[in-house]
Amino acid sequence: MTERSESELLELATPYAMHAVSDSERAAIETRVAAASAAVAAAFDDEVRLVRETMAAVSASTPVEPPAVLRGRLLASVKSGSARRFRWRTTVFAAAAAIAIGLGALSAGLALRSTAPPSTPAQVFAARDVRTVSGALPEGGTATVVYSREKNAGVLVMNNVPPPSPDTVYQMWLMGDNGAKLAGTMDAKSVTPSTTAVIQDIGKSNALAFSVEPSHGSTQPTGPVIAELPLI
Amino acid sequence: MGNLGISPHRIPGVRSLCAADVVCADSTGLPVRVARPPLRYGTMSERPPATGDLNSLLRRIAQHDVDAFAEFYDLTSPRVFGLVARVLRDPGYSEETTQEVYLQVWRNAGNYDPAAGSALAWVLTLAHRRAVDRVRTEQAAAQREFRYGSASADRPADVVADSAILREERRQVAECLDTLTDAQRECIELAYYGGLTYAQVSERLSANLATIKSRMRDALRGLKNCLGVT
């Protein structure tokens with residue numbers, strides 16, 4: 001590397017450390033640092049470190065307390081172990097295509113029986129505070145919960161989730177400050193390409209977790225928690 | 001623009017970081033509190049996180065110690081959430097991004113290398129990177145710019161932590177930011193908090209790339225020296 005390109009590279013250490021470069025430029029810089037002499041690479045790394053320590057010190061000027069609910073949700077998530085395995089994507093848009101397909105039959109049935117009192121799903125969908133959380137399961141497929149705190153209930157839709165292996169069931173748990181509360185059990189027969197279930201009494205729970213349990217079911221999660229949907 | 005959201009508190013005659021005999025810089029340059037009783041959970045934002053504590057917490061988190069994770073969160077989350085919110089300017093996005101940051105901490109605590117920097121800088125670097133990625137993904141520059149005015153005006157109300165210690169720390173940072181030129185502050189604002197690349201900053205300010213790079217570098221050096229970061 002020429003002296004000129006070395007000094008050019010060092011000039012990029014500050015923008016690089018501040019994430020003020022594009023993705024392609026970042027990759028190019030990293031390649032150049034890897035190819036640089038040990039002295040230049042060390043100087044680059046040292047400058048990156050100093051910039052980051054400096055901005056860490058500057059962060060004393062912008063502290064904001066995060067919403068309290070975030071702490072509980074994170075702790076529930078790491079306690080269940082699910083956080084290590086995959087990441088849930090939280091969505092706040094109203095019922096999407098997956099749900100529309102999953103609940104098509106359900107709503108058609110509701111329309112025909114218009115004199116009957118509204119079912120739990122109908123009440124949830126009509127609620128002012130209806131929310132949606134969705135995520136991919138590590139086993140495959142997706143799970144979506146549409147829920148309302150006001151109606152104290154939710155509707156779970158699972159698409160293309162493989163059935164549990166023989167002699168096991170999926171169990172759903174409402175996770176809260178007082179631990180896990182059983183919310184439902186699904187054996188191999190009840191898991192179809194499009195499975196729906198009503199979840200009652202969500203209360204103050206902050207997540208819906210799924211675990212694999214022996215076929216007789218458990219009263220507390222004993223098997224691996226395969227997934228957890230945060231209920232914001 | 002050019003205002004980093006911190007009202008300048010110039011106190012004549014106070015220049016040294018240790019002058020107030022409350023907060024000094026430790027060997028890593030991070031502010032450490034001197035001779036204060038430990039604070040309980042829930043008021044952790046009042047306590048500037050000390051490097052040694054955070055290092056040992058990260059070692060325990062790597063072993064999946066939930067208590068250590070909770071403590072690490074309590075010690076660092078106001079800094080992390082504050083930085084993320086400063087970049088994203090949207091409470092929902094900020095909450096989601098902060099959640100992702102801490103799940104990453106839980107999964108990757110074992111990757112933290114104390115030789116490469118302090119634990120606080122490590123977690124804030126993760127947070128800043130995610131926030132910047134999110135800003136660029138959203139490509140909502142126009143909207144954010146629109147919101148910038150009101151967000152800046154509202155800023156003081158955001159800040160919940162208001163102990164004497166923190167006020168002191170904030171004052172020192174504000175003083176150091178005050179030593180920068182307006183042009184330098186503007187670069188930091190646009191690049192670090194605005195999520196722009198230095199090339200975008202140069203376009204925005206109609207200044208050439210070399211000028212922007214040296215402004216950023218000079219700004220960081222000025223801050224580093226003023227804050228006593230080593």
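So the values come out like this:
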quantity: Heavy atoms of A:HIS216: accessible area, 1.4 Å probe, square angstrom to 10; calculated: 150 Å²
quantity: Computed accessible area, A:THR132, all protein chains, 1.4 angstrom probe, square angstrom; calculated: 10 Å²
quantity: Label-point gap, in nm, between A:LYS181 and B:THR211 - each point 7 angstrom along Cα→Cβ; calculated: 6.3 nm
quantity: Set of aspartates and glutamates with alpha-carbon distance to A:LYS151 below 19 Å, sequence-local pairs under 8 removed; calculated: A:ASP129, A:ASP201
quantity: Set of aspartates and glutamates near A:LYS204 by C-alpha distance (under 12 Å), chain-local residues within fewer than 8 positions excluded; calculated: A:GLU150, A:ASP177
quantity: Heavy-atom accessible area order for B:CYS226, B:CYS187, largest first, 1.4 Å probe; calculated: B:CYS226, B:CYS187
quantity: Accessible-area order (highest first, 1.4 angstrom probe) of the listed residues B:ARG59, B:ARG204, A:ARG32, B:ARG185; calculated: B:ARG59, B:ARG204, A:ARG32, B:ARG185
quantity: Cα-based shape type of the stretch A:191-232, given that a ≥ b ≥ c are square roots of the gyration tensor eigenvalues and the cut on a/c is 1.5; calculated: oblate
quantity: Averaged over B:96-103, number of beta-carbon atoms from partner chains that fall within 10 Å; calculated: 6
quantity: Reachable lysines from A:LYS79, criterion Cα separation under 16 angstrom, eight or more residues apart if same chain; calculated: A:LYS181
quantity: Interface size B-A, as summed buried accessible area [1.4 Å probe, Å², nearest 100]; calculated: 5400 Å²
quantity: Largest-first ordering by accessible area, 1.4 Å probe, given options B:SER202, A:SER24; calculated: A:SER24, B:SER202
quantity: The stretch A:165-232 - percent of accessible surface contributed by carbon and sulfur, probe 1.4 Å; calculated: 56 percent
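The values are calculated or read from the model by the stated rules, or taken from the named source; none is laboratory data. The structure presented is a predicted model; accordingly, all values stated were derived computationally and were not measured. Every residue, glycine among them, receives a Cβ derived from its backbone with ideal geometry; neighbour counts consider all protein chains shown. Protein only, heavy atoms only, side chains kept; ligands, DNA and RNA dropped before computing areas. Shrake-Rupley method; radii C 1.70, N 1.55, O 1.52, S 1.80 Å.
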